[in-house]
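Accompanying notes for the structure given below.
The values are calculated or read from the model by the stated rules, or taken from the named source; none is laboratory data. Bear in mind the structure is a predicted one, so any value in this text is a computation, not a measurement. Positions of Cβ are backbone-derived with ideal geometry, glycine not excepted, and every protein chain shown enters the neighbour counts.
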Amino acid sequence: MSTVLILADFVGEKATKSTVELATAGAGIGEVTALVLAPAGKGAALAATITQGAIAKVIVIESDDFIQHGVAASADALAHVTDQLKPAALLIASHAFGKEVAGRVAMKLVCGIITDAVDVAPDCTATQLVFGGSTTVHSKVPQGTAIITVRPNTITADFVAANPVIENATAQISDVAKKATVTSTQPPVKGGRPELTEANIVVSGGRGTNGDFGAVEAFADSLGAAVGASRAATDAGWYPHSHQVGQTGKTVSPQLYVACGISGAIQHRAGMQTSKNIVVINKDPEAPLFELADFGVVGDLFAVLPPATEGVKAHKA
Ligand SMILES: Cc1cc2nc3c(=O)[nH]c(=O)nc-3n(C[C@H](O)[C@H](O)[C@H](O)COP(=O)(O)OP(=O)(O)OC[C@H]3O[C@@H](n4cnc5c(N)ncnc54)[C@H](O)[C@@H]3O)c2cc1C
């Protein structure tokens, strides 16, 4: 049976849904081993948060080099384990860190790499959506381990209970990888809202908010939702770029996506079209996003959202 290596993905000290999604994709190819790269003394605690996903084995490598030397040190360790296991595929979450580490490992091991896959078939064929989601591409790595980064929230995660064998390992971090040192880091300022890519409900605002996200945030808070934004809103400086949904932002696939004052450009759709239920609030009945909506409200978001917020609160009380 083939082996598949996944790089376990964490937010803070907890394995993310992406880890389960990678395991789900990997299980279609072969037996899944997850690699945990942890600061010294933290490996067991991080590995213990991998409780879901079809993962047969977890390999833990501890080193403070991962903190001090960032992605270069992680790439050294990941390349070492990949070279030892020679898996059919190496699957990594497709965020900035994941794509950089994947590229470095591909260079080190002279393997092919495919980024931003939205699906991976049992024969390691990756599916990508390009040109804002309008074109589907299927491609395969012809040489060595197939290194594939998978966009979070695009694979339906199988939350089967994980009961992996835990193995500790070591890896030599090269002097080259230690040439750059991280001198300080600033953790992102977190509000009380869930992480955008992990949330079950996302409420997003666009140009229609005219810069006032108050009603969008209040509705999101009534639902316990994350707040997203269109690029028009982030480019205008109305909301942080880290909340942008779409082709050049984040991909979300929540149970419920509520788009407020967003027209539905193809680049926005690319980041939210796999949401399970889509609600669109727009004062223009011709807005293209209504084509994707399961439920649409033609109206001014500033008139629609406050009573909706009160309605949710009353329902909860
Ligand atoms: C290479 C590239 C990458 C891109 N990447 C992204 C991306 O990642 N994400 C993204 O979102 N965009 C992206 N874009 C931009 C995209 O093409 C659109 O310009 C953008 O999505 C438009 O944002 P919007 O819907 O908020 O604004 P608009 O298109 O201006 O739509 C605003 C909508 O709000 C409605 N409205 C106005 N006032 C109200 C009100 N009071 N109540 C209710 N409705 C109201 C209007 O009827 C309109 O439909 C990208 C573009 C390019 C070229």
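Things worth noting here:
- With respect to the conditions (1) of a type outside the set (Asp, Glu); (2) touching a residue at least 24 places away in the same chain (Cβ under 8 Å); (3) out of contact with any helix residue (DSSP H, G or I) (no Cβ under 9 Å at 6 or more places or on another chain), residue 12 lacks only one, and its number is (2).
- Failed item, numbered, when residue 269 is tested on (1) surrounded by fewer than 17 Cβ atoms within 10 Å (Cβ to Cβ); (2) in contact (Cβ under 8 Å) with a residue 40 or more places away in the chain: (1)
- Residues that are more than 25 Å from residue 299 (Cα to Cα) and within 10 Å of the ligand (Cβ to nearest atom) within segment 226-260 comprise 241, 247, 248, 249, 250, 251, listed in sequence order.
- Single residue of segment 226-257 satisfying the filter (over 23 Å from residue 18 (Cβ atoms) and among the hydrophobic types (A, V, I, L, M, F, W, C)) that is surrounded by the fewest Cβ atoms within 10 Å (Cβ to Cβ): 236
- Among the numbered conditions (1) more than 8 Å from the ligand (Cβ to nearest atom); (2) over 22 Å from residue 117 (Cα atoms); (3) not acidic (Asp, Glu), the only one that residue 302 does not meet is (1).
- Residue selected from segment 192-225 under the condition polar (S, T, N, Q) and crowded, with 17+ Cβ neighbours inside 10 Å, by the criterion farthest from the ligand (Cβ to nearest atom): 222
- Residue 204 meets all of the listed conditions (1) closer than 17 Å to residue 289 by Cβ; (2) part of a loop (DSSP other than H, G, I, E, B); (3) of a type in the set (Ser, Thr, Tyr) but one, namely (2).
- Within segment 193-215, residues that are assigned by TED's automatic domain parsing to the domain that holds residue 241 and among the basic types (Lys, Arg) reach partners that are within 8 Å of the ligand (Cβ to nearest atom) and modelled with pLDDT of 90 or more with beta carbons closer than 6 Å, at six or more positions or on different chains, in the pairs 207/232.
For every residue, the table says whether it meets (1) in a strand (DSSP E or B); (2) over 22 Å from the mean Cα position of the chain (by Cα).
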{"residue": "74", "(1), (2)": "no, no"}
{"residue": "81", "(1), (2)": "no, yes"}
{"residue": "114", "(1), (2)": "yes, no"}
{"residue": "133", "(1), (2)": "no, no"}
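- Residue in segment 52-73 that is nearest to residue 176 (Cα to Cα), counting only those that are touching a residue at least 60 places away in the same chain (Cβ under 8 Å) and in contact with a Phe, Trp or Tyr (Cβ under 9 Å, 6 or more places away or on another chain): 73
- Qualifying residue in segment 276-286 (condition: of a type in the set (Asp, Glu) and either within 16 Å of the chain's Cα centre (by Cα) or within 8 Å of the ligand (Cβ to nearest atom) (or both)): yes
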